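Colleague: Encoded as structure tokens, here's the structure I'll be asking about.
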Amino acid sequence: MPVVSATQRAILEAARFLEGGGVISFPTETVYGLGGDTLNKKAIQKIYSLKNRPSNNPLIAHVLNSSWAKQITCGWDEKCHLLAERFWPGPLTIVLPKANCVPKESCGGHNTIGVRSPNHKVARELLDKFGGPISAPSANKSGQTSPTSAEHVRDDFGNDLLILDGGNCDQGIESTVLSMVDCPTILRLGSIDVSAISEIVHTVVVSESNFQTDSPGTTNRHYSPKTKLVLQSPREIEASSSKEIVYLTIVSQPGCSMKTIQMPTDAQSYANRLYAAMREADSVGSTTICVERPPIGNEWDAINDRLRRASSN
Ligand code: TXA
Ligand code: MG
């Protein structure tokens, strides 16, 4: 099964395929997902094995709206209602205790479930046609860079997977993961920044932890290219310039002869371009990918977070 353009008909066929326990890839506004029926253990099992994902790393269930979210969670309260009203559809994943109808397998054996309502026409039509929650991790092999185009998904999974092509993802960085189980805690930084969330949930903690138990997918080296990646200042880059290295730079290096990928200067466009640039740099066969350290500040937090992880040993 090849990459298919996400026409109405293709979406309907994909929904039928999901009903039969199949697994497909579909676009969201953040990254492409590898989706299956949340309530079907066999479909969930396929996702884990296709992705090579450790069985304790829970999946995000994609829902059309908050009433769907309420059906698969426990404790959907006024705060969750306000969060959904403000940020859904969009890149916010809310973690709550799971409802009994959800198999533990869909949550990596945990008692909690992450839910989010994606803001992408194709994802929403797919949910609508399928009529139930779709669990989907990012559609990359475990531990590698997330895909922001249908081609990226095909690069990782080949032609055996049905991939709905809905173009390049707008955001380019995965959703913000917010646990509402106890005290509100950000488990993964993402496109929605902490200050926006704290307007609704007044005290919000950003988890510093990279332990498997909290949010397994946030362990370091989860967002890494195969080539070693280092972060450097423009000055260090100038001093280190080598033809064996691919450089991702924001400030252009005048007269440089090395292989460089010019990155956008604003955070939104940078995020949008980051994973594609990392994949491009990875394909060169250089010894190192050298990334110019991006600016700091709220809007750059998720980008710096992913780069820090990608550069960790
Ligand atoms: O933007 C996104 O979130 C994309 C698109 C496809 O929706 N999905 C995505 O899924 O990035 P994945 O599986 O690659 O990352 C989900 C993250 C992981 O770090 C996982 O551990 C965490 O969310 N997570 C999911 N459910 C959780 C739960 N019940 N408790 C704690 N962490 C959870
Ligand atoms: Mg992922």
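The values are calculated or read from the model by the stated rules, or taken from the named source; none is laboratory data. Please read these numbers as outputs of a predicted model, since none were measured by experiment. With ideal geometry, Cβ positions are generated from the backbone for all residues, glycine too; neighbour counts draw on all protein chains shown. Note: accessible area is taken over every heavy atom of the protein model, side chains too, but ligands, DNA and RNA are not part of it. Shrake-Rupley method; radii C 1.70, N 1.55, O 1.52, S 1.80 Å.
Colleague: Does LEU64 fit the bill of being touching a helix residue (DSSP H, G or I) at 6+ places or on another chain (Cβ under 6 Å) and open to solvent by 10 Å² or more (accessible area, probe 1.4 Å)?
Modeller: yes
Colleague: Only one of (1) open to solvent by less than 10 Å² (accessible area, probe 1.4 Å); (2) free of Cβ contacts under 8 Å to residues at least 40 places away in the same chain is not met by ALA150, so which one is it?
Modeller: (2)
Colleague: Something else about it: So is ILE200 of a type in the set (A, V, I, L, M) and at pLDDT 85 or above or not?
Modeller: yes
Colleague: Please specify each residue of region 13-63 satisfying the condition of being in a loop (DSSP other than H, G, I, E, B), among the β-branched types (Val, Ile, Thr) and more than 10 Å from ligand 1 (Cβ to nearest atom).
Modeller: Answer for region 13-63, where residues must be in a loop (DSSP other than H, G, I, E, B), among the β-branched types (Val, Ile, Thr) and more than 10 Å from ligand 1 (Cβ to nearest atom): VAL23, THR38, VAL63.
For every residue, the table says whether it meets (1) at pLDDT 95 or above; (2) within 16 Å of ligand 2 (Cβ to nearest atom); (3) surrounded by fewer than 17 Cβ atoms within 10 Å (Cβ to Cβ).
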| position | (1), (2), (3) |
| --- | --- |
| VAL4 | yes, no, no |
| GLY35 | yes, yes, no |
| LYS70 | yes, no, no |
| GLU78 | yes, no, yes |
| LEU83 | yes, no, no |
| TRP88 | yes, no, no |
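Colleague: Right, here's the next one. Quick one: count up the residues across region 51-61 that are buried (at least 20 other Cβ atoms within 10 Å of the Cβ) and within 13 Å of ligand 2 (Cβ to nearest atom).
Modeller: Residues flagged as buried (at least 20 other Cβ atoms within 10 Å of the Cβ) and within 13 Å of ligand 2 (Cβ to nearest atom) within region 51-61 amount to 6.
Colleague: Tell me, which residue of region 168-192 that is assigned to a loop (DSSP other than H, G, I, E, B) and open to solvent by 30 Å² or more (accessible area, probe 1.4 Å) is nearest to LEU34 (Cα to Cα)?
Modeller: That would be ASN168.
Colleague: Separate question: All but one of (1) touching a His at 6+ places or on another chain (Cβ under 9 Å); (2) within 16 Å of ligand 2 (Cβ to nearest atom) hold for LYS141; which doesn't?
Modeller: Here LYS141 clears every test but (1).
Colleague: Just for region 119-146: of the residues that are assigned to a loop (DSSP other than H, G, I, E, B), more than 10 Å from ligand 1 (Cβ to nearest atom) and at pLDDT 95 or above, which one is most open to solvent (accessible area, probe 1.4 Å)?
Modeller: The selected residue is ASN119.
Colleague: Has region 101-118 got at least one residue that is within 13 Å of ligand 2 (Cβ to nearest atom), assigned to a strand (DSSP E or B) and under 30 Å from ASP282 (Cα atoms)?
Modeller: no
Colleague: Determine whether THR260 is of a type in the set (Ser, Thr, Tyr), away from ligand 1 (no atom under 12 Å from the Cβ) and either at pLDDT 90 or above or not in a loop (DSSP other than H, G, I, E, B) (or both).
Modeller: Judged against the criteria, THR260 is a match.
Colleague: Would you say SER286 is open to solvent by less than 60 Å² (accessible area, probe 1.4 Å) and touching a Ser or Thr at 6+ places or on another chain (Cβ under 8 Å)?
Modeller: Considered against the rule, which asks whether it is open to solvent by less than 60 Å² (accessible area, probe 1.4 Å) and touching a Ser or Thr at 6+ places or on another chain (Cβ under 8 Å), SER286 comes out as yes.
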